[in-house]
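The values are calculated or read from the model by the stated rules, or taken from the named source; none is laboratory data. Being a predicted model, the structure only gives us computed values, none of them experimental. So basically every Cβ, Gly included, is an ideal-geometry build from the backbone, and we count neighbours across all protein chains shown.
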Amino acid sequence: MATLEKIRNRAGIVIFVIGLGLVAFLLGDFLNSGGSMFRSQNMVIGEIDGTSVSYPEYQQYLTELEDYYKLNSRSSALDENTSQQLREQAWNQMVQDVIMNDKYDELGVQVTADELLELATGKNVHPQIRQMFTNPQTGQFDKAQVVNFLQQKKADPQAEFYWLFLEKQIKKERLFTKYRELIKKGMYVTNAQAKSEAEAKQVKVDFDFVVKRYATVADSAITISDSEIKDYYKKNIDNYKQEAIRDIEYVSFVVEPSEDDKKMAQEKIDRALVDFSKPEIDAVQFVKLNSEADHIDRNLKIEQIASNLQGFIATAEVNEVYGPYFENDTYKLTRLVEINQIPDSAKARHILVKDPALADSLYNLVKSGADFAAIARTNSQDPGSAVNGGDLGWFKEGAMVGPFNDACFEGKKGDIVKVETQFGTHIINIQDKGRPVTKYKLATLEQKLSYSTRTNQDVYAKAAKFAALNGTIEKFNASVKEENLIKRYGRSLKKNDRSVGNLEHSRELIRWAFKADVNDMSEIYEFGDEYVIAYLTGAKEEGSQSINVVRASIERELRNEKKAEMIIAEIKGKNQSDMTALASSLESEVQSATGIDFGAFQVPGAGVEPALVAAATATAMGEVSAPVAGNNGVYVVKVNNVEQVETSEETEKAQLKQNVTFKIDYQATEAIKKQATIVDDRSKFF
């Protein structure tokens, strides 16, 4: 376990996905996919390219990820945000495994046991393993550490799991790398391509242009038929795909402390003041037993104390109490416990060990005069300081864990002391201490203002009454207006979304929305301090948007096409050689652009207009182009200057190869994803 602890320190806290290829594969719609999977009919929560996925299979993936994360982060519990990230990653890995394993089998792509051993102990060690087994003193990879770990891991179940998980991820990355390289070898950048690209970029042009925008032509001048809309819709149906989404409207009844609750809290803090003010009462213990916030046992300089307390502290005697005062929805009492002369900083070195017997032995050695730094380098289990002989340098009071901090600031310069913390046993040598300054130790009793059970029940009763009287969407809307409530909206909710607006942990509301029918009212949900009642007001299923939904955007596209034809015909009937006259006749103006090459993304004054860039770079100097239709209007270009810029074919060829690699990393995996049928029904279970 000790070896695992060392490599874990170096590996860092990560949710493990190796390699750009795998990251690329997980981009896009996969991030919003999910699934769980029993083979039984009612517990299948996903399907990946014809393979049903059961809950136990999904849970196995998820449990491995969670266990690995917990080992790395040294935590026994996961917060909701981390749990959700791991659930997404588990599903994404399952998708990748099913789809890519078929590709690997078709092509005979494999990773042998010898390859894995080479990646662990050979000449080309995997970066993750190199990081884990790098000697902190030399900065060099230590192959002996890997061999030692592999020999000992079977005696430690956690170390065995850790390694098997790591090995599995490395194998996946290696498989994908091989697959990617096969595709790369099938892609070739020809000399003609490189030459064409170089020549296109050798020309930079300065030009004037005139534009007549589509907006200047009245929409009423254009007629779009239903048959044209239908034909366009059929030809471009892939552009109108949509995810399943839901729209809801809801009201929230917030539970807040009532006046009676405030009065009760004030009375409680007033009663506490009587005992808290007694000098014979241990203020720290009183706070630990009665306060709703943890006691912070620190000595503070006056400038570190809250500004509203500084005036009190400056003149108060020990055991005097300030308050009650109200701050951040909390009633507080603060008592001055001690006034001390304590250094603001200390310098120390330490040796950290987990074995108490070894700690005793090392403590006796350094107390008898042994070389502290040498023993720290050899034995300390704090790798960050061990390499420096245990030296921690100078640190402020409160920077270290409590017992360690107290030992350093309460001891004497030169002392060697031994203390226990949650990290193990520390043998500390206090090397130096700063100049003493006046510091104050405070004890603060906190009584948070919260609502009572009675208040909670009253608000729930109000929400229940509202729900009972408003069983239709019409009554709901009317009551919202009559009672001056605030109606909120959850728009375009997706089935795997985790929350609605700012509602705490409101996943259940989304699950309800995907089970309900339009105009259904929800039950009363409790999210944090709010009771919520919602109506489902809209539902769109996965597939293609209907022609009625996209009709306006299709009409706009078709209208612009016809406007372009009208404008081009108008321009061709005018004298195009005089740009100023042309601009005047079109009720436009002459604009200019400089230094534009074929690869330009946009043109100043025009925006993103590839057609304009193409026309400008293809027109000879001094000539005027034919009118070209762009995104926003029709353009005429006159080139004023052409500058030749040297561009290497080799450079362009290297750039094209880089672009090919980019396309393989992203577009190839995207193409595989699009070919697969992926059904994600995790939302029914999570």
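For every residue, the table says whether it meets (1) touching a residue at least 60 places away in the same chain (Cβ under 8 Å); (2) part of a loop (DSSP other than H, G, I, E, B); (3) of a type in the set (Phe, Trp, Tyr).
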residue	(1), (2), (3)
Ala467	yes, no, no
Asn496	yes, yes, no
Glu508	no, no, no
Trp512	no, no, yes
Ile533	yes, no, no
Gly538	yes, no, no
Glu557	yes, no, no
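Out of all the residues in region 392-417, which are in contact (Cβ under 8 Å) with a residue 12 or more places away in the chain and either of a type in the set (A, V, I, L, M, F, W, C) or in a strand (DSSP E or B) (or both)?
If the condition is that a residue be in contact (Cβ under 8 Å) with a residue 12 or more places away in the chain and either of a type in the set (A, V, I, L, M, F, W, C) or in a strand (DSSP E or B) (or both), then Leu392, Gly393, Trp394, Phe395, Lys396, Val401, Phe404, Ala407, Cys408, Phe409, Ile416, Val417 are the ones that fit.
In region 477-494, what residues are of a type in the set (Gly, Ala, Ser) and part of a strand (DSSP E or B)?
Selection gives Gly490, Ser492.
Looking at region 99-115, can you tell me whether even one residue there is closer than 30 Å to Ile45 by Cβ, in contact with an Asp or Glu (Cβ under 7 Å, 6 or more places away or on another chain) and buried (at least 18 other Cβ atoms within 10 Å of the Cβ)?
Scanning region 99-115, I find at least one residue that is closer than 30 Å to Ile45 by Cβ, in contact with an Asp or Glu (Cβ under 7 Å, 6 or more places away or on another chain) and buried (at least 18 other Cβ atoms within 10 Å of the Cβ), so the answer is yes.
Given the conditions (1) surrounded by 20 or more Cβ atoms within 10 Å (Cβ to Cβ); (2) farther than 30 Å from Glu320 by Cβ; (3) modelled with pLDDT of 95 or more, which single one is not true for Ala386?
(3)
Here are Ile229, Ile237: which of them is over 29 Å from Lys684 (Cα atoms) and either among the small types (Gly, Ala, Ser) or surrounded by fewer than 16 Cβ atoms within 10 Å (Cβ to Cβ) (or both)?
When all the criteria are applied, what remains is Ile237.
Criterion first (modelled with pLDDT under 95, more than 30 Å from Lys439 (Cβ to Cβ) and touching a Gly at 6+ places or on another chain (Cβ under 9 Å)) does Ile375 satisfy it?
Working: modelled with pLDDT under 95: yes; more than 30 Å from Lys439 (Cβ to Cβ): yes; touching a Gly at 6+ places or on another chain (Cβ under 9 Å): yes.
Answer is yes for this residue.
Within region 349-371, how many residues turn out to be at positive phi and touching a residue at least 60 places away in the same chain (Cβ under 8 Å)? Give the derivation first.
Applying the first criterion (at positive phi) to region 349-371 yields 369.
Okay, now just the ones that are also touching a residue at least 60 places away in the same chain (Cβ under 8 Å), so none.
Counting residues in region 349-371 that are at positive phi and touching a residue at least 60 places away in the same chain (Cβ under 8 Å) gives 0.
Among the candidates Ser345, Ser368, single out the residue that is farther than 30 Å from Ala314 by Cα and of a type in the set (S, T, N, Q).
On the way: Ser345 fails: farther than 30 Å from Ala314 by Cα.
Result: Ser368 is the single residue among Ser345, Ser368 that is farther than 30 Å from Ala314 by Cα and of a type in the set (S, T, N, Q).
Can you name the residue in region 452-463 that is part of a helix (DSSP H, G or I) and among the polar types (S, T, N, Q) and, of all such residues, is surrounded by the most Cβ atoms within 10 Å (Cβ to Cβ)?
Filtering first and then ranking leaves Thr455.
Suppose we filter region 355-382 for residues that are part of a helix (DSSP H, G or I) and among the charged types (D, E, K, R); how many remain?
Step one: filter region 355-382 for residues part of a helix (DSSP H, G or I), giving 356-367, 372-379.
Imposing the further condition that a residue be among the charged types (D, E, K, R) reduces the set to 360, 367, 377.
Count: 3.
Would you check if Ala218 is in contact (Cβ under 8 Å) with a residue 40 or more places away in the chain, among the hydrophobic types (A, V, I, L, M, F, W, C), surrounded by fewer than 18 Cβ atoms within 10 Å (Cβ to Cβ) and at negative phi?
Criteria not met by Ala218.
Every residue, every condition in (1) in a loop (DSSP other than H, G, I, E, B); (2) in contact (Cβ under 8 Å) with a residue 60 or more places away in the chain, yes or no:
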residue	(1), (2)
Ile229	no, yes
Lys234	no, no
Asp247	no, yes
Phe253	no, yes
Glu256	yes, yes
Gln285	no, no
Lys288	no, no
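For residues that are within 42 Å of the chain's Cα centre (by Cα) and either assigned by TED's automatic domain parsing to the domain that holds Ile571 or over 14 Å from Ala552 (Cα atoms) (or both), tally how many sit in region 213-230.
Adding up the residues that qualify gives 3.
Could you figure out which of (1) at pLDDT 90 or above; (2) farther than 21 Å from Ser585 by Cβ isn't true of Tyr214?
(2)
Between Glu504, Glu542, which is surrounded by fewer than 16 Cβ atoms within 10 Å (Cβ to Cβ), touching a strand residue (DSSP E or B) at 6+ places or on another chain (Cβ under 6 Å) and among the acidic types (Asp, Glu)?
After ruling out the rest, the residue left standing is Glu504.
Kindly indicate whether Ser584 is surrounded by fewer than 16 Cβ atoms within 10 Å (Cβ to Cβ), without any contact (Cβ under 8 Å) to a residue 12 or more places away in the chain and not acidic (Asp, Glu).
Answer is yes for this residue.
Which number in (1) at pLDDT 90 or above; (2) within 36 Å of the chain's Cα centre (by Cα); (3) of a type in the set (A, V, I, L, M, F, W, C) marks the one condition that Leu336 misses?
(2)
When you go through Thr223, Thr190, Thr177 one by one, which is the residue that is hydroxyl-bearing (Ser, Thr, Tyr) and modelled with pLDDT under 80?
Exactly one of Thr223, Thr190, Thr177 is hydroxyl-bearing (Ser, Thr, Tyr) and modelled with pLDDT under 80, namely Thr190.
Taking region 339-372 as the search range and keeping residues that are β-branched (Val, Ile, Thr) and within 30 Å of Pro279 (Cβ to Cβ), which one is modelled with the highest pLDDT?
Ile339
Go through (1) out of contact with any Pro (no Cβ under 6 Å at 6 or more places or on another chain); (2) in contact (Cβ under 8 Å) with a residue 60 or more places away in the chain and name the single condition Ile571 misses.
(1)
Residue by residue, here is whether (1) surrounded by fewer than 17 Cβ atoms within 10 Å (Cβ to Cβ); (2) not hydroxyl-bearing (Ser, Thr, Tyr) holds:
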| residue | (1), (2) |
| --- | --- |
| Lys448 | yes, yes |
| Lys465 | yes, yes |
| Thr472 | yes, no |
| Ser479 | yes, no |
| Asp497 | no, yes |
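Could you give every pair whose Cβ atoms fall below 8 Å, whose first residue belongs to region 318-338 and is in the same structural domain as Asn308 (by TED's automatic domain parsing) and closer than 24 Å to Glu280 by Cβ, and whose second residue is acidic (Asp, Glu) and buried (at least 18 other Cβ atoms within 10 Å of the Cβ), counting only separations of at least 6 or pairs across chains?
What qualifies is Tyr331/Glu446; Lys332/Glu446.
I need the full set of residues from region 409-439 which are crowded, with 18+ Cβ neighbours inside 10 Å and among the hydroxyl-bearing types (Ser, Thr, Tyr), in order please.
Thr425, the sole residue that qualifies.
Do you know which residues across region 292-333 are under 15 Å from Phe276 (Cα atoms), part of a loop (DSSP other than H, G, I, E, B), of a type outside the set (Asp, Glu) and over 36 Å from the mean Cα position of the chain (by Cα)?
Correct list: Val318, Asn319.
Consider Ile342 carefully, then state whether it is part of a strand (DSSP E or B), surrounded by 18 or more Cβ atoms within 10 Å (Cβ to Cβ) and not polar (S, T, N, Q).
yes
Out of all the residues in region 646-660, is one or more out of contact with any helix residue (DSSP H, G or I) (no Cβ under 7 Å at 6 or more places or on another chain) and at pLDDT 90 or above?
no
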